[in-house]
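Notes follow the structure.
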Amino acid sequence: MRGLTLSAAAGEVVALVGPSGCGKTTALGIVAGLDRAFDGVVEVGPRQNGGPARLGYVFQEPRLLPWRTVRQNLALVLPRAQRRGPAVDLMLDALELSQFADRFPTQLSLGMARRVALARAFVVEPDLLLMDEPFVSLDEPTALRLRGLLSQLLDRRPATVLLVTHNLREALALADRLLLLAPSPGRVVAEVPVTVPRAVRDDHAVEALRRELLARPEPAFRLLA
């Protein structure tokens, strides 16, 4: 990766789209502070009410603690004083997980585990949410359901989101702006604003946007095929 520059406004959903090996996950690791072997600067603005920004992260794998219940996995990411408060129950309800609160991760389907991982990232009320292929390996109906739940969460509690995906339909369904990355070295080769309101991006609208992008003549858009 070389010369990568990107920015996101407060409340904006930015999708990093590109083939494997172009540095999408590496970029998220740098922003999160997990990868410090780079030359450059990362700046994350403060919260609107002051103090450092809160970070949420949804990894490619759910990464739930198998010896903790669903409820406990969510509570553990909160400050100790808040673990017995209403935040966990409210988030479980928002993601339709209340009936699974006392189950262990090994008792969940992959789709359900990914839903728990999404709840864990949101329960801290993140200002910046990093999502690394959050719906990968799910069947399309399950992925569609989770994308809908994510949209509802963002409507209720906006956050700035950096979404890594190789799924163009997913990016077009969720993002306000797409950054297309090319490999060797990883770099941004095109920027695509998505002006259709997310609330009306049904399957037909997303497919129309996808076809429009694939039909563009610029070399950068051949990476999407």
Pairs, first modelled with pLDDT of 85 or more in segment 12-30, second in a helix (DSSP H, G or I) and of a type in the set (Lys, Arg), C-beta under 7 Å, six or more apart: Leu16/Lys24
Condition met for Val189 (modelled with pLDDT under 90 and either part of a helix (DSSP H, G or I) or surrounded by 12 or more Cβ atoms within 10 Å (Cβ to Cβ) (or both)): yes
Search result, residues across segment 204-222 that are in a helix (DSSP H, G or I) and surrounded by 12 or more Cβ atoms within 10 Å (Cβ to Cβ): Ala205, Val206, Glu207, Ala208, Leu209, Arg210, Glu212, Leu213, Leu214, Ala220, Phe221
Filter result for the condition that a residue is surrounded by 21 or more Cβ atoms within 10 Å (Cβ to Cβ) and of a type in the set (A, V, I, L, M, F, W, C), over Val161, Val124: Val161
Conditions (1) of a type in the set (A, V, I, L, M, F, W, C); (2) in a loop (DSSP other than H, G, I, E, B); (3) farther than 30 Å from Leu168 by Cβ; number of the one not met by Leu74: (2)
Residue within segment 32-41 that is of a type outside the set (Lys, Arg) and either open to solvent by less than 30 Å² (accessible area, probe 1.4 Å) or touching a residue at least 40 places away in the same chain (Cβ under 8 Å) (or both) present: yes
Any hit, segment 156-168, residues being over 16 Å from Val17 (Cβ atoms) and in a helix (DSSP H, G or I): yes
Boolean, Val88 is modelled with pLDDT of 95 or more, closer than 18 Å to Arg71 by Cβ and surrounded by 23 or more Cβ atoms within 10 Å (Cβ to Cβ): yes
Selected residue (criterion: surrounded by the fewest Cβ atoms within 10 Å (Cβ to Cβ)) from residues of segment 169-184 that are part of a helix (DSSP H, G or I) and not small (Gly, Ala, Ser): Arg169
Per-region count, segment 207-225, residues modelled with pLDDT of 90 or more and closer than 16 Å to Asn167 by Cβ: 6
Cross-chain or 6+ apart pairs with Cβ under 7 Å, segment 204-225 first and of a type in the set (Phe, Trp, Tyr), then part of a helix (DSSP H, G or I): Phe221/Leu213; Phe221/Leu214
So Thr106, is it assigned to a helix (DSSP H, G or I) and touching a residue at least 40 places away in the same chain (Cβ under 8 Å): yes
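The values are calculated or read from the model by the stated rules, or taken from the named source; none is laboratory data. It should be emphasised that the depicted structure is a prediction, and the values quoted were computed from it without experimental measurement. No Cβ is skipped: glycine too gets one built from the backbone with ideal geometry, and neighbour counts run over all protein chains shown. Note: accessible area is taken over every heavy atom of the protein model, side chains too, but ligands, DNA and RNA are not part of it. Shrake-Rupley method; radii C 1.70, N 1.55, O 1.52, S 1.80 Å.
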